[in-house]
Each structure stands twice: as C-alpha cells, then as structure tokens.
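Trainee: Below is a structure I'd like to ask you about.
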Amino acid sequence: MSKAITSRGLRIGLSLIIPLLLFMAWLILHQTKGADNSYITDPRIVWETLVSLRREIAVNALLSIRRLIFGVLAGTFLGVSVGITLGRTLWIRRLFGPTLNILTAVPIIVLIPFFLMAFGFGEFFRCAVVAAVVFLLVYQSVTSAIADFPRQWLELAAHREKTEWEIITQMLVPSLIPDIVRAVKLSLLFGWLAIAFAEKSVAEWPAGGLGYQILRAREQGLYAELFAAVLVLGAVAYLFDICLGQLDRIVSHWRGKLDKQK
C-alpha cells in the first residue's frame, strides 16, 4: 500500500515539474522583457484578475462546458451510428463514404457559415459545431475498427445464425468502446477550438462562453483577462482528459479480458 502511495506521489511530483518550470520562465520573461512586450503580463496581475472576475469566468466556463458536453454526446451517438451503418452496409458506404471522407479533411472554421445557415444563431448552432467535429472523428475511428474486426468472428456469428442486431450489440459495440473513447478524447482538443469559433461567430456578452471571452480579451488587449481565462480553460481541459484517460484504461482492460475469453 505504501509503495503504491509513494509511486503515485512520485508521478504527481514529476507531472508538476514542467508546469513549475513554465511558471518560472513566465516570471523571468516578465522581469526581463515585460516592459517591451505587453503580451507578457505579470502573473500576479493575472491572479488578481482571475480572482476579481471569478464569477464572470465561472459563468462563461459553465456555458462552454455545457455546450461541449451536449456536442460530444450528440456527435458520439451520430458517429457510432453512422460508422456502424456504413461499416456494415456496402452500398451506403459507397454512397456517403467519399463525402464524409472529404469533410474530415475540411477545417471546421470553413463550415461555420453553413452551420449558421442551417441552424441559425442560437444555442443549437454552438452545440452543432462541436457535434460535427466529434462526429467526424468518431465516425472515422468506428469505420476503421469495423474494417479491422476479425472476419472469423463474423463467420462464426453467421454460422450460429446471429441477427444483424445481435452482431452489432453483442460483438461490434463492445469491441468498439475503447476506440470510441480514444476518439472522443482526441476530439476534445478540436471541440474546444470549435467552441471558441462558434461562440465568436455568435457573439454575446457577458455570457458568451469561455472561448469567446478569450478571443474578446485578445482583441481588446485585455491580456490579464485573457491569461486568466486560458488558465481556467486549461484546468477544465485537463480534468476532462484525466476522466477520459481513466475511462480509456478501464474499457481497454475490460476488452482485454473479453478477448481472452473469446
């Protein structure tokens, strides 16, 4: 038990080294070049700004988190559904596959005007932009995993006269869960960028969202507010990454057991 605690404490200590070094570099930069570069804000002023604007930043952070969660859930559901459908149906894959593959290569900022035309300027638009990013990444992951699914298992299912629904629910979906979790984890990076672009496209203040607050502070030269909001965004993104990383380890371990049983 004590060894496990010591090992965990060591990992936490090592993970803090780089942030501490970056903070020291920030202090040194401010002391040496802060007078000549307005971007290099005093960390103490950033902290004071974070404290004074804590309610405003918290409200905007909660708005962005809510939009992100709704978008991730919708995008994951659509990505899994469409990925399985295309992966299991040849003519549908030939019909829609090329278009979806092209869309995955298009930056989301290019598609924002089309989302505005389709969904308007409301909350649904912001969530839809995130959902589109997540959908494309999950869709790619699911179709790739289905293509690599062992053919002998499918042949065995056909021999046992399994229905298509039983193949999907009892074989494909359980084996796809780790790939889906990893795709969602990766999509969060692009999801935060999508949130910022969507919130900037439909600007509202003071409750525009954390992404819009960061971009607005940059445009107005409010660098202390910008860094304060970025620190909060980094902390929230880190917590999401920890949760999904833990979930990834759990489902990967579970699939390993399932594979051994098979």
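Trainee: For the stretch 96-233, give the magnitude of the charge dipole about the Cα centre (Cβ charges: +1 Lys/Arg, -1 Asp/Glu; no others), in debye to the nearest 20.
Mentor: 220 debye
Trainee: By how many nm would the segment from MET117 to ARG94 lengthen if fully extended, with 0.36 nm per residue of separation less the alpha-carbon distance?
Mentor: The MET117-ARG94 span can extend by a further 5.5 nm.
Trainee: Going 7 Å from the Cα of ARG249 along its beta-carbon direction, which residues of the stretch 172-202 have the amide nitrogen within less than 18 Å of the resulting point?
Mentor: Residues 178-179, 181-183, 185-186 qualify, since their backbone N sits under 18 Å from the label point.
Trainee: Still on this structure: At a 10 Å Cβ-Cβ cut-off, how would you order ARG216, ARG126, ARG44, ARG67, fewest neighbours first?
Mentor: ARG44, ARG216, ARG67, ARG126
Trainee: Round to the nearest 10 and give me the degree value, 0 to 90, for the angle of helix 210-219's Cα axis relative to the longest principal axis of the chain.
Mentor: It works out to around 40 degrees.
Trainee: Contour minus end-to-end for ILE45 and GLU155, with contour as 0.36 nm per residue of separation and end-to-end as the Cα-Cα distance?
Mentor: Result for the pair: 33.1 nm of gain on full extension.
Trainee: Extension gain THR85-GLN170, at 0.36 nm per residue separation less the Cα-Cα distance, in nm?
Mentor: 29.0 nm
Trainee: Over the Cα atoms, compute the radius of gyration (one decimal) and Dmax (the largest Cα-Cα distance, rounded to a whole number) for the stretch 41-261, in Å.
Mentor: Looking at the stretch 41-261, its Cα Rg and Dmax stand at 20.6, 69 Å.
Trainee: Rank LEU189, ILE167, VAL46 by how far each Cα sits towards the positive end of the charge dipole of the chain (+1 on Lys, Arg Cβ; -1 on Asp, Glu Cβ) and give me just the farthest.
Mentor: Farthest towards the positive pole: ILE167.
Throughout, read-outs are computed from the coordinates displayed, never taken from laboratory work. What you are looking at is a predicted structure, and each value in this text was computed from that prediction instead of being measured. Ideal geometry is used to build each Cβ from the backbone, glycine not excepted, and the neighbour counts take in all protein chains shown.
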